[in-house]
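Chemist: My structure is below; once you've seen it, I'll send some questions.
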Amino acid sequence: MSAVTSAVTPREREIIRWMAAGKTAAEIGTILGISPITVNTHISNAKAKLGVFKETALVAAALRNGIIQ
């Protein structure tokens, strides 16, 4: 596991999985019982860790790096 892969938290992984399933931040927040703002914070942190700027690129990078399947 690379340093980048291990830097992504379990909650960030969970959110990326829901993003890959097509859920919005509001929907993910409802599913996880957190606010959409918190979801977006996790997304922003994960994008910074993986060095991407768009949400679609985040999901693609997570798939490429084995963060999600």
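The values are calculated or read from the model by the stated rules, or taken from the named source; none is laboratory data. Since this is a predicted model, take the numbers as computed values, not measurements. Virtual Cβ from ideal backbone geometry, glycine too; neighbours counted across all protein chains shown. All accessible areas refer to the heavy atoms of the entire protein, side chains included, with ligands and DNA or RNA removed. Shrake-Rupley method; radii C 1.70, N 1.55, O 1.52, S 1.80 Å.
Chemist: Counting only residues that are touching a residue at least 40 places away in the same chain (Cβ under 8 Å), buried (at least 16 other Cβ atoms within 10 Å of the Cβ) and either of a type in the set (Ser, Thr, Tyr) or not in a helix (DSSP H, G or I) (or both), how many does the range 2-24 have?
Modeler: Residues flagged as touching a residue at least 40 places away in the same chain (Cβ under 8 Å), buried (at least 16 other Cβ atoms within 10 Å of the Cβ) and either of a type in the set (Ser, Thr, Tyr) or not in a helix (DSSP H, G or I) (or both) within the range 2-24 amount to 1.
Chemist: For the subset of the range 25-35 comprising residues that are in contact with a Phe, Trp or Tyr (Cβ under 9 Å, 6 or more places away or on another chain) and within 20 Å of Ile67 (Cβ to Cβ), which member is surrounded by the most Cβ atoms within 10 Å (Cβ to Cβ)?
Modeler: The qualifying residue surrounded by the most Cβ atoms within 10 Å (Cβ to Cβ) is Ile28.
Chemist: On the basis of being touching a Lys or Arg at 6+ places or on another chain (Cβ under 8 Å) and surrounded by 15 or more Cβ atoms within 10 Å (Cβ to Cβ), does Ile67 make the cut?
Modeler: yes
Chemist: Right, another one. With (1) open to solvent by 30 Å² or more (accessible area, probe 1.4 Å); (2) of a type in the set (Gly, Ala, Ser); (3) assigned to a helix (DSSP H, G or I); (4) modelled with pLDDT of 95 or more as the list, and Ala62 as the residue in question, which single condition is left unmet?
Modeler: (1)
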